[in-house]
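To start, the structure itself, in structure tokens.
The values are calculated or read from the model by the stated rules, or taken from the named source; none is laboratory data. Just so we're clear, the structure is a prediction, and the values are computed from it rather than from any experiment. All Cβ positions, even for glycine, are placed from backbone atoms using ideal geometry, and neighbour counts span all protein chains on display. Ligands, DNA and RNA are excluded from the accessible area calculation, which covers all protein heavy atoms including side chains. Shrake-Rupley method; radii C 1.70, N 1.55, O 1.52, S 1.80 Å.
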Amino acid sequence: MQVAAHNYLELDEAIDQAFAATPNPIFVLAEGITDPQNLGAIARSAEAFGARCLVLPQRRATGITSTVVKVAAGALSHLDAVRVVNLSRTLERLKERKFWIYGTVASGGTGIDKVRFDGPIALVIGSEGEGISLGVQRACDVLVTIPLRGRTESLNASVASGIFLYEIFRQHRINAVSSTVLT
């Protein structure tokens, strides 16, 4: 079976569509994810928790393949995707469009329970073994980590993205309910 190449949007087109749908869109940027099953699981979590777009680098990462589509279980039908040449420049463009950039790190960041996720958000998920690159880390506004209690040093990229996305969803939901009650 052959699958046609995925229809990727241009970054500005995806941003415009996201802001047309919500004042506080969430974009997930997957840096260096080479395992299509991980990318599919990230896409599934992203769509389930309200993200509007999945941003992928053109090099050193998997694109949207038939395996990604299968693992995403329909999520990619409801999630825009963008392929970019330079992730650092993409983050700068997102900042220009008022996104706050959160980079996920295994250690050394601010604990997820101490971060306020508010407004338009770009969440950068790093590769399975290396995490996010130093250049991309420098472009982030905040580096965030999931405090772990056990001896395991880090989580799988798709599992970590699900936890981060749920916390963003939870905080956005609380903020939406609070603003509705206040008006």
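What are the extents of the Cα atoms of segment 89-181 along their three principal axes, listed from largest to smallest and rounded to whole Å?
Extents along the principal axes: 42, 34, 19 Å.
Could you give the spread of the C-alpha atoms of segment 10-56 along their three principal axes, from largest to smallest, in whole angstroms?
32, 21, 10
With each run of n ≥ 4 DSSP H residues scored as -39500 (n - 2.57), what mean residue ellipticity at 222 nm is computed for the chain after dividing by its residue count and rounding to the nearest 500 deg cm²/dmol?
Helix-only estimate at 222 nm: -12500 deg cm²/dmol.
Under a 5 Å amide H to amide H cut-off, with H placed in plane at 1.01 Å, what residues pair with Ile121 once short-range neighbours are removed?
Ile26, Phe27, Trp100
Quickly rank 19-27, 64-72 as a protection proxy: mean count of other C-beta atoms within 10 Å, highest first.
64-72, 19-27
On average, how much accessible surface per residue is there in segment 1-73, in Å², for a 1.4 Å probe, leaving out ligands, DNA and RNA?
Values: 3750 Å² over 73 residues.
Averaged over the residues of segment 1-73, the accessible area is 51 Å².
Ranked from highest to lowest mean number of other Cβ atoms within 10 Å per residue, what is the order of the peptides 169-175, 46-52? Kindly include the intermediate steps, with their values, before the conclusion.
Details: 169-175: 14.3, 46-52: 21.7.
The most tightly packed comes first, giving 46-52, 169-175.
Which aspartates and glutamates, on any chain, are close to Lys95 with Cα under 13 Å apart, when same-chain ones fewer than 8 places away are left out?
In chain and number order, the partners are Asp12, Asp141.
Normalised radius of gyration for the chain, please: alpha carbon Rg relative to 2.2 N^0.38 Å, two decimal places. Please list the in-between numbers first.
Working: Rg = 15.6 Å, N = 183, 2.2 N^0.38 = 15.9 Å.
Computed over Cα atoms of the chain, the ratio equals 0.98.
Among DSSP beta bridges lying fully in the chain, give the percent that are antiparallel, nearest 5.
On the way: 1 of 24 bridges.
Close to 5 percent.
Give me the percent of DSSP beta bridges within segment 64-164 that run antiparallel, rounded to the nearest 5.
Working: 1 of 10 bridges.
Counting DSSP beta bridges with both partners in segment 64-164, the antiparallel share is about 10 percent.
For segment 143-150, just list the computed ³J(HN,Hα) in residue order, Karplus coefficients 6.51, -1.76 and 1.60, θ = phi - 60°, integers in Hz, with x standing in for Gly and Pro.
9, 10, 10, 9, x, 10, 9, x
For segment 1-132, what is the relative contact order in percent, using Cα pairs closer than 8 Å and at least 6 residues apart in sequence?
Values: 222 pairs, mean separation 43.0, N = 132.
It comes to 33 percent, rounded to a whole number.
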